[in-house]
Amino acid sequence: MSDRANSFFRYLAYVIEIIVAFALSTTPHLLPEIFGAKPVLPVCVALTAAIFEREIPAMLIGMTAGILTDISYTNSIGLFTITLTVVCFIVGYAANNLIMATFLNFLLYAAVTIGALFMLYYLVRFIIPGLDDGWLYFTRHLISRMVLTWICTIPFYFLNRLIQKRLNPEG
Amino acid sequence: MKEFLSSPKIKIFLSVLLVLIMLSVFTHNVENNVVSTTFNTLTYGLSKVTAAASQDQSEEKSYSELKSENELLNKANRELRARLIDYYDVKEENTRLWKFYGLKKEHEDFSLIPARALRRDSDDEFGSFTIDKGTASGISVGNPVLGENSLVGWISEADAYTAKVVTVLSPQTSIGAIDKATGDTGIITGSAKFAENNRTTFTKLNSEHKVKEGDIITSAGTAGIYPKDIVLGEVIEIGYDTYDTSHYAVIEPYDKIDKIVDVAVITSYQGMGEILSKE
């Protein structure tokens, strides 16, 4: 297959992945709640795809996943769209110029990114508005959501690495 | 890195980011906007499919069952919303009253009316403000007004539902006061020189006064206008007015007068209106 065809199918695979992740996340009764929370799968897809891509494709993947995540949370574009766009762009740059896209590096970067992303979400939704039950939400839902999202990045990492190997052998 | 920062990629990234921020502001501020509607329409079909796929897991109900359940839920929702509004009102009132509960315990003879600053007089540099209670609540002109920590002023005008408070920072104020540590007496009155720093003055001090920095000044209660022993503030510095050759002390009230929101008006107390004889 030509490079152009490879790229097309690779991006198509990412789009399908994001849509499936969104569908899995938002389907009622499908994913079980563990310790009061479900993982946010579009975030997993964006973070794992970004590490294998260049800056601009990584940014677009982050943006798409962010828009879908925001829609499932608030029905409008917001925090996740902007933060995932920024994070994926930086990761795309770092993975190509600064760090090796190894599994260990990925786990570390995913932990930091997911932690920062959800802490920012907590800050914007609970701390700044001064909501009374913020701490309760943090301990009962947000910690488990962060951990579950982080764990779910692992299968997506291997899936995207496979896609990368098959559809971008030179990358 | 320098090359990267000046590359087209950064320009694309910043442009996309700018557009997203603008879209974010737009979608958060405009109801039923075209952007949210578009994205929601795009995902509507998918959500419909996934919801249908998961329908097996939820109990199937007939239209009439769902309708009656919906009516019941709407009714319950209305009741809960009304209760929630009551709860917020009570919670707010409770928070305000707790602040003055301690004071009421100390002075059981006080009749206190809690109130809130409704607006501030923008053309008054001495921090006067209008409160949300008036004569209908028993407030009358001359009543002392307390902040959380000290006496902050007095009622200068009152109508049925609002009243204006002149603060201790104003030269209009004149309160008989005493230094609890030394027994020196004087008058608390505001001064344009100190008002902007949330300070007032303790004037008409005896030339041999012993007032010093850190002393706490309270109301003397000798004129029957202000109750005795209400804290007015703390001495910050001692001064001498060469113009009228009098000694004074600069006092800092314990409340930030220009920020104050919750107050309590003393409408009556034991000894109100009586001029105490000097012992």
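Bear in mind that the values in this text are calculations on the coordinates, not laboratory data. Every value quoted in this text rests on a predicted model; they were computed, and no experiment measured them. No Cβ is skipped: glycine too gets one built from the backbone with ideal geometry, and neighbour counts run over all protein chains shown.
Where the convex hull is taken over the Cα atoms of segment B:110-268, what is its projected area averaged over directions, in nm²?
If you wrap the Cα atoms of segment B:110-268 in a convex hull and average its projections, you get 8.6 nm².
Just grab the label-to-label distance for B:N74 and A:A111, each label 7 Å out from Cα along the Cβ direction, in nm (one decimal).
Each label point lies 7 Å from its Cα, and together they span 5.2 nm.
When you look at the Cβ of every residue in A:83-96, what mean number of other chain Cβ atoms sits within 10 Å?
The shielding value for this peptide is 2.
Report the percentage of all Cα-Cα pairs in segment A:3-167 whose separation exceeds 25 Å, rounded to a whole percent.
Here the long-distance tail beyond 25 Å is 27 percent of all Cα pairs in segment A:3-167.
Give, in nm to one decimal, the length gained when the segment between B:K180 and B:F26 is fully stretched (0.36 nm per residue of separation minus the Cα-Cα distance).
On the way: separation 154, 0.36 × 154 = 55.44 nm, distance 6.00 nm.
Once the chain is fully extended between B:K180 and B:F26, it gains 49.4 nm.
Kindly express, to the nearest 10 degrees and within the range 0 to 90, the angle between helix A:55-74's C-alpha long axis and the longest C-alpha principal axis of chain A.
So the inclination is approximately 30 degrees.
Residue by residue, what Karplus-based ³J(HN,Hα) values in Hz, rounded to whole numbers, does segment A:114-128 have, using 6.51, -1.76 and 1.60 with θ = phi - 60° and x for Gly and Pro?
Along segment A:114-128, the couplings run 5, x, 5, 4, 6, 5, 5, 4, 4, 4, 6, 8, 10, 6, 4 Hz.
Measure off 7 Å from each Cα along the Cα-to-Cβ vector at B:K256 and B:N149, then give the distance between these two points in nanometres to one decimal.
1.1
If the chain between B:L66 and B:T245 were fully stretched, how many nm would it gain, using 0.36 nm times the residue separation less the Cα-Cα distance?
55.8 nm
Quick check on segment B:178-233: what does the Kirkwood estimate of hydrodynamic radius come out to from the alpha carbon pairs, in Å?
One over the average 1/r among Cα pairs gives 11.9 Å for segment B:178-233.
Over the Cα atoms, compute the radius of gyration (one decimal) and Dmax (the largest Cα-Cα distance, rounded to a whole number) for segment A:1-95, in Å.
13.8, 47
In nm, what is the difference between 0.36 nm times the number of residues separating A:D3 and A:N97 and their Cα-Cα distance?
Here the answer is 31.7 nm.
Among the listed pairs B:K180/B:K212; B:K193/B:K259; B:K228/B:K259; A:K165/B:K11; B:K164/B:K204; A:K38/B:K75, give every one whose C-alpha distance is greater than 22 Å. Show your work: numbers first, answer last.
Numbers: B:K180/B:K212 11 Å; B:K193/B:K259 19 Å; B:K228/B:K259 26 Å; A:K165/B:K11 30 Å; B:K164/B:K204 27 Å; A:K38/B:K75 31 Å.
The answer is B:K228/B:K259; A:K165/B:K11; B:K164/B:K204; A:K38/B:K75.
Rank A:G66, A:G115, A:G130 by mean-square fluctuation in a GNM of chain A with C-alpha springs under 10 angstrom and give only the top-ranked residue.
It is A:G130.
With chain A treated as a Gaussian network of Cα nodes joined by springs under 10 Å, which of A:R125, A:R145, A:R161 yields the largest mean-square fluctuation?
A:R125
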